[in-house]
Amino acid sequence: MDKTINQKAWFLVLPVFLVVAFSAVLPLMTVVNYSMQDTFGNNQFFWNGVGWFKELLDPSTDLGGRFLASLGRNLFFSLVILAIEVPLGIVVALSMPRDGWTVAACLVILALPLLIPWNVVGTIWQIFGRPDIGLLGYVLNAIGIEYNYVSNEIDAWVTVIVMDVWHWTSLVALLCYAGLKSIPEAYYQAAQIDGASRWAVFRAIQLPKMNRVLLIAVLLRFMDSFMIYTEPFVVTGGGPGNSTTFVSIELVKIALGQFDLGKAAALSLVYNLIILIVCWIFYTVMTNAGNDRKPQEGAA
Amino acid sequence: MHSIPGRRLIMALFLIFLLLPIYWLVNMSFKTNAEIVSTMTLWPHAPTLQHYKRIFTDESWYSGYINSLEYVVLNTIISISVALPAAYAFSRYRFLGDKHLFFWLLSNRMAPAAVYALPFFNLYSAIGLFDTPWAVALAHCIFNVPLAVWILEGFVSGVPREIDETAFLDGYSFPRFFIRILVPLIASGIGVAAFFCFMFSWVELLLARTLTSVQTKPIAAIMTRTVSAAGMDWGLLAAAGVLTIIPGALVIWFVRNYIARGFALGRV
């Protein structure tokens, strides 16, 4: 569909522009300002130039070490949950009932974890995993697997990952389900006539149709897991030690815990820049995928 | 042909996996604290409503739910009303900087809340909105407005252009066309967008907690009070958690037929 060129459209966009600029540009300017300064409290600021940024990227300093370690942990976390949630989400979407009231019931239950406040998600797993009062912790210990997420690093990681799978696999599943629903019945009938195997149907019909939504799912999940804060904070508080301290947790510790505004601001900017780059890749791929799709739409 | 072997079993196992932790929370909310700490019981042997009673009678508890709902509703109204005209503009027109603007909006949806917590605190303190529902509602706009624009743009693009043109030929003015014709046509899209604004504002804690202190504390922040010197009040914490799930469960039911499409951001 061709769009007409109309500069007056800016008037329609203006409210959005003002609202978002107010809550994004102003604060971001404050951050840039802080990132160049050092403070010793009492609102006294000293010029520090790019000092914080140098420190941030140098693992031998305290700040740099903490940042890079949390960044590494965060990337590892994001990759692990993507590797679990995407295949699992596809399997769940393929397992959806075909019709009847069970479809609505499954959809509602699937969406339920997505609508629970993030700190309550943390609370649910904090309780569920405790060896003394939680079902999971109690059962695991009862059958002889020693499990305690408060003191054991590996258990803490497993808990945080299982929690995220519990929380967000539904998103991937719902997206894939939306993609599968858009496949016309005729495709399947054609495949049946050709005697295509189950796997061939998946590879040749279902996967290509899910491409686009899968892309949305992967990138949304990557970015949201990359800025995860509340859930691990409630469950493990970043511990034991620093083993589950992700970038956001480190940032809040520095900004609101120690009130080290300069360091926190510099960290924020680098963090934001990483997200912005990933976001740009996402956007480019998305718009290109949209252009690829258009001719097909016309044909169908 | 459509689905995989053993699908019923897979689905059942996955749903159990989703529901089990929630069941445990509900289970605990009906137990007395003595029962929670002393024995491992799969269902409450001495069911009690004491925790719920406490929440509904203690103002410092139930006001938390009201505060949360207040900024969530405010945010949803602001987001949808500014996003609607913009979604129309992005869907129908090309204008100077449209692509850059769209990307900039999207990048705000992805910005980590932790980055903005401190500057927001400064900003809203400076203009005197700190500790009001407006502060949280406006702060949540940073991720909800882009999302609403994105979803609505998908739905507006689904309305054929001919409808606009016919309306204008019939002598409809732009505002009248917008309210009388376009809005009813994309009503389901508006519902889905509102659902998502509601959802993301409801589940967010970091900004809501940072921007409120006494008057408008959200329920999520009040829940942290159950940690006291005398140990955790697990039953009360569980009951408060269960009550935060209910609004979400209610709104899902209303949009259940559109959820899948909404999660695909109106783009399937």
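The values are calculated or read from the model by the stated rules, or taken from the named source; none is laboratory data. Here the structure is a predicted model, which is why all the values come from computation and not from measurement. Heads up, the Cβs are rebuilt from the backbone with ideal geometry, glycines too, and the neighbour counts pull from every protein chain shown. SASA here: full protein model, heavy atoms, side chains in, ligands and nucleic acids out. Shrake-Rupley method; radii C 1.70, N 1.55, O 1.52, S 1.80 Å.
If you sort the three axes of the alpha carbon gyration tensor as a ≥ b ≥ c, you get a/c of 1.5 or more for region B:55-263 and a/b above b/c, which makes it prolate. Chains A and B together bury roughly 9500 Å² of accessible surface, counting both sides and using a 1.4 Å probe on protein heavy atoms. Along the Cα-to-Cβ line of B:Ile127, 7 Å from the Cα, sits a label point; which residues in region B:49-81 have backbone N less than 19 Å from it? Inside the label zone: B:71-81. Our coupling estimate for region B:74-86, obtained by passing each phi through the Karplus curve with A = 6.51, B = -1.76, C = 1.60 and θ = phi - 60°, is 4, 4, 4, 5, 4, 4, 5, 6, 7, 6, 4, x, 5 Hz, Gly and Pro reported as x. Shape analysis of region A:128-249 places it in the prolate category; the axes a ≥ b ≥ c from the Cα gyration tensor give an a/c of at least 1.5, with a/b above b/c. Region A:18-95 and region A:132-188 have Cα centres lying 26 Å from one another.
Quote the FRET efficiency, to the nearest 0.05, computed for B:Met40 versus B:Ile181 with a Förster distance R0 of 45 Å and r equal to the Cβ-Cβ distance.
Values: r = 61 Å, r/R0 = 1.36.
For R0 = 45 Å, the calculated efficiency reads 0.15.
Working note: Cα atoms of region B:1-48, range along each principal axis, descending, whole Å: 53, 14, 13. Just A:Ala93, A:Ala156, A:Ala204 to compare: in a GNM of chain A, with alpha carbon springs under 10 Å, which one fluctuates most? The residue with the greatest mean-square fluctuation here is A:Ala204. Over the protein assembly as shown, with a single point scatterer placed on each C-alpha, what log10 of the ratio I(q)/I(0) does the Debye formula yield at q = 0.08 1/Å? Taken in order of the listed q values, log10 I(q)/I(0) reads -0.58. Which of rounded, prolate or oblate describes region A:72-299 when judged by the alpha-carbon gyration tensor and an a/c cut-off of 1.5? It is oblate, given that a/c is not under 1.5 and a/b is not larger than b/c.
Using a 1.4 Å probe on the heavy atoms of the protein chains only, list every residue of region B:66-108 that has 50 Å² or more less accessible area in the complete assembly than in its chain alone. When all protein chains are present, B:Val82, B:Tyr93, B:Arg94, B:Phe95, B:Leu101, B:Phe103, B:Trp104 each give up 50 Å² or more of accessible surface.
Pick from B:Ile22, B:Ile222, B:Ile190: which is most flexible by mean-square fluctuation in a GNM of chain B where alpha carbon atoms under 10 Å apart are linked? Result for chain B, Cα springs under 10 Å: B:Ile22 fluctuates most.
Could you look at the protein assembly as shown and say what percent of its accessible area is carbon and sulfur, using a 1.4 Å probe and all protein chains? Solvent-exposed carbon and sulfur of the protein assembly as shown make up 67 percent of the total.
Annotation for A:Asn288 and A:Asp58: the two label points, set 7 Å from Cα along the Cα-Cβ direction, are 3.9 nm apart. Based on the convex hull around the alpha carbon atoms, region A:1-89 presents an average projected area of 12.1 nm². Rolling a 1.4 angstrom probe over the protein heavy atoms with all chains in place gives the protein assembly as shown an accessible area of 42 Å² per residue. Adding -39500 (n - 2.57) for every DSSP H run of four residues or longer, then dividing by how many residues chain B holds, sets the calculated 222 nm ellipticity at -22500 deg cm²/dmol.
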